Amino acid sequence: MNDETKIRILQEEIASLKMELKRKEKQLHELRFNKNLKSPCSEDLNTEEIARYSRQMLIPDIGVRGQISLKQSKVLVVGTGGLGCPAALYLAAAGVGEITLIDNDEVDLTNLHRQILHTELDLGIKKVLSAFDTLTSINSNVKIVPVHMHADGTSLQKFLEDNKFTVVIDGTDNVATRYLLNDLCVINDIPLVSGSALQMEGQLTVYNFNKGPCYRCLFPVPPPPETVTSCGDGGVLGVVPGIIGVLEALEAIKIITGISGVLSGRLLIFDGSEATFHNVKLRNKNNNCEVCGIAPIITEPIDYEQFCGAKAHDKVENINILNSDENVDVTDFSHKFKNNQLLLDVRPELEYQMCHLPNSLNIPFSSIQKCKDLNDLETEIMEKCSNEGSCVYVICRRGNDSQRAVCQLKEKFSSLPVKFINIKGGLHAYSKLIDPSFPVY
Amino acid sequence: MSELPITIGFGGGAELLFDNKKNHPVSLPVKDKAWKIGDLIFWIKDNLLKERPDLFIQDDSVRPGILVLVNDTDWELVDTVNYEIQPNDKIVFISTLHGG
């Protein structure tokens with residue numbers, strides 16, 4: 001029996017055991033929490049709820065009134081990743097009545113260090129379903145609505161029309177979806193709690209609340225796509241979106257319960273490396289804003305990918321810019337490559353340190369662009385590629401930067417009798433087709 | 001007129017264009033007219049910027065997606081490029097983040 005079959009059989013067994021477990025858990029739950037036990041003291045909260053939420057109801061700003069507001073509220077969390085997970089976790093624990101989760105992704109091994117609602121056993125399953133299970137096990141009073149879909153204009157607009165959400169939480173990972181959420185929240189008059197995180201830094205603010213500015217008031221023009229870094233490229237320390245996501249939940253709770261001091265018209269900038277929070281004052285609402293101004297031009301969702309010049313996700317788009325004779329696939333490469341040939345790995349140094357093929361030379365693409373360290377390369381070429389028709393194999397993570405590098409290298413070394421060959425699909429393809437022990441990240 | 005001591009800060013990834021250094025205490029040289037942020041942007045380009053000016057400057061201002069803060073206040077509230085820089089001001093250029 002091969003491993004794949006074993007995995008499938010185990011998954012089926014676990015699924016059936018889980019059903020049995022759920023049945024027993026439900027029995028235990030019913031015996032332990034009598035949901036119908038009506039409190040003699042409150043019309044709106046039952047005996048169990050009063051005990052469960054007592055610690056937060058003791059805060060004067062919340063009280064019974066605030067707890068009832070939470071119970072009656074409906075929150076939409078867009079993205080169940082690094083921000084959406086901690087945000088939804090605390091909202092569910094706090095007793096928000098209904099939480100809708102939207103995400104079209106599945107759980108991946110690279111998510112687990114920060115997306116804390118998902119466990120090792122959830123790998124490959126829809127994030128919204130994994131989040132549903134965790135959130136329900138923490139608080140079964142909360143209605144969790146998992147929606148596996150891509151947040152595009154038409155579907156989301158209908159969704160917001162059909163449900164009267166009290167607050168929307170932006171836990172997305174790309175600029176296009178951030179504009180989309182902003183515009184839809186303005187059009188449907190819903191406050192938007194917006195957080196973001198990368199590496200050791202995070203940012204948080206609330207848009208479209210109490211006559212404060214919206215995202216477009218601040219950023220009428222989207223950033224150039226090449227200036228936008230994803231977590232998959234720049235990296236992110238798990239705690240950082242954790243902190244920002246938890247703060248998103250805090251702002252949502254303040255909005256729902258009517259606590260003053262909502263982070264509207266202000267931006268909180270967190271720098272984890274220096275352990276600093278900066279609270280800065282933002283501009284006022286722009287009366288000429290295209291969506292929230294006096295005479296709005298945008299009254300329904302637009303084409304956000306076109307507007308931003310970037311896709312509405314943070315995955316990498318593959319390119320194909322070389323002639324076919326400048327490419328080799330990983331299978332051919334693994335047959336042809338000899339130890340005395342030159343293999344150039346153009347990934348950033350940190351990625352090279354994580355994992356690399358033996359006998360490869362690392363010169364990052366950014367250095368090639370700046371013509372840095374090219375002398376080293378020239379020396380290596382002179383040493384290893386003395387034969388007529390020699391070639392230098394160029395590899396990177398997914399096979400895109402290696403193509404760009406080949407374009408630049410063949411110009412820069414046009415005088416040398418050497419050919420630069422791109423390894424198609426990069427190390428991802430190598431791991432998939434040649435050596436699965438090579439890490440995919 | 002004497003030199004104008006200020007602190008220039010970069011964050012949110014903008015520091016990558018400046019040798020990965022977030023804080024730059026500088027003294028702006030003496031000049032005839034008052035120093036405005038509009039002048040400062042070009043001074044930064046000539047004196048601090050290490051690479052890719054297009055990722056910092058666009059159309060005589062900062063590129064879209066960079067917030068400029070003058071003493072923790074959005075520069076829109078203090079007349080943007082026309083703000084006259086005062087001694088010991090802290091002027092920060094924050095690139096907005098989009099990851100999650």
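Give me the residue from region A:58-90 that is under 21 Å from residue A:104 (Cβ atoms) and among the aliphatic types (A, V, I, L, M) and, out of that set, surrounded by the most Cβ atoms within 10 Å (Cβ to Cβ).
A:83
Would you check which residues across region A:398-430 are more than 24 Å from the chain's Cα centre (by Cα), closer than 15 Å to residue A:331 by Cβ and in a helix (DSSP H, G or I) and list them?
The one that is more than 24 Å from the chain's Cα centre (by Cα), closer than 15 Å to residue A:331 by Cβ and in a helix (DSSP H, G or I): A:430.
Identify all residues within region A:272-292 that are more than 10 Å from every other protein chain (Cβ to nearest Cβ) and in contact (Cβ under 8 Å) with a residue 12 or more places away in the chain; write none if there are none.
Passing the criteria: A:272, A:285, A:289, A:290, A:291, A:292.
When residues of region A:154-193 are filtered for being polar (S, T, N, Q), farther than 17 Å from residue A:289 by Cα, surrounded by 19 or more Cβ atoms within 10 Å (Cβ to Cβ) and more than 10 Å from chain B (Cβ to nearest Cβ), how many remain?
Qualifying residue count for the region: 1.
From the list A:228, A:246, which one is aliphatic (A, V, I, L, M) and either outside the structural domain of residue A:91 (by TED's automatic domain parsing) or at pLDDT below 95 (or both)? Write out each step before concluding.
Details: A:246 fails: either outside the structural domain of residue A:91 (by TED's automatic domain parsing) or at pLDDT below 95 (or both).
After ruling out the rest, the residue left standing is A:228.
How do the pairs read when you match residues in region B:86-100 that are more than 10 Å from chain A (Cβ to nearest Cβ) with residues anywhere that are in a strand (DSSP E or B) and among the aromatic types (Phe, Trp, Tyr), using Cβ under 8 Å and keeping only pairs 6 or more apart or on different chains?
B:93/B:10
For every residue, the table says whether it meets (1) more than 27 Å from residue A:241 (Cα to Cα); (2) within 35 Å of the chain's Cα centre (by Cα); (3) modelled with pLDDT of 90 or more.
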{"site": "A:29", "(1), (2), (3)": "yes, yes, no"}
{"site": "A:32", "(1), (2), (3)": "yes, no, no"}
{"site": "A:36", "(1), (2), (3)": "yes, no, no"}
{"site": "A:41", "(1), (2), (3)": "yes, no, no"}
{"site": "A:44", "(1), (2), (3)": "yes, no, yes"}
{"site": "A:50", "(1), (2), (3)": "yes, no, yes"}
{"site": "A:59", "(1), (2), (3)": "no, yes, yes"}
{"site": "A:64", "(1), (2), (3)": "yes, no, yes"}
{"site": "A:78", "(1), (2), (3)": "no, yes, yes"}
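Restricting attention to region A:200-214, which residues are in contact (Cβ under 8 Å) with a residue 60 or more places away in the chain and at positive phi?
Once the filter is applied, which keeps residues that are in contact (Cβ under 8 Å) with a residue 60 or more places away in the chain and at positive phi, region A:200-214 yields A:208, A:211.
Can you find a residue that is among the acidic types (Asp, Glu) and either over 26 Å from residue A:275 (Cβ atoms) or at the interface with another protein chain (Cβ under 10 Å from one of its Cβ atoms) (or both) anywhere in region B:17-31?
no
Can you pull out the residues in region A:401-417 that are surrounded by fewer than 21 Cβ atoms within 10 Å (Cβ to Cβ) and either in contact (Cβ under 8 Å) with a residue 12 or more places away in the chain or in contact with a helix residue (DSSP H, G or I) (Cβ under 9 Å, 6 or more places away or on another chain) (or both)?
Selection gives A:404, A:407, A:408, A:410, A:412, A:413, A:416, A:417.
Just one of B:36, B:50 is modelled with pLDDT of 95 or more and of a type in the set (D, E, K, R); which is it?
Testing whether each residue is modelled with pLDDT of 95 or more and of a type in the set (D, E, K, R) leaves just B:36.
For a quick check of your reading of the model, give me the residue pairs whose first member lies in region A:69-95 and is over 22 Å from residue A:312 (Cβ atoms), whose second is among the basic types (Lys, Arg) and part of a loop (DSSP other than H, G, I, E, B), with beta-carbon atoms closer than 9 Å and at least 6 apart or on different chains.
Short answer, once both residue conditions are applied: A:74/A:164; A:86/A:114.
The values are calculated or read from the model by the stated rules, or taken from the named source; none is laboratory data. In this text the structure is predicted, and so the values were computed from the model without any measurement. Virtual Cβ from ideal backbone geometry, glycine too; neighbours counted across all protein chains shown.
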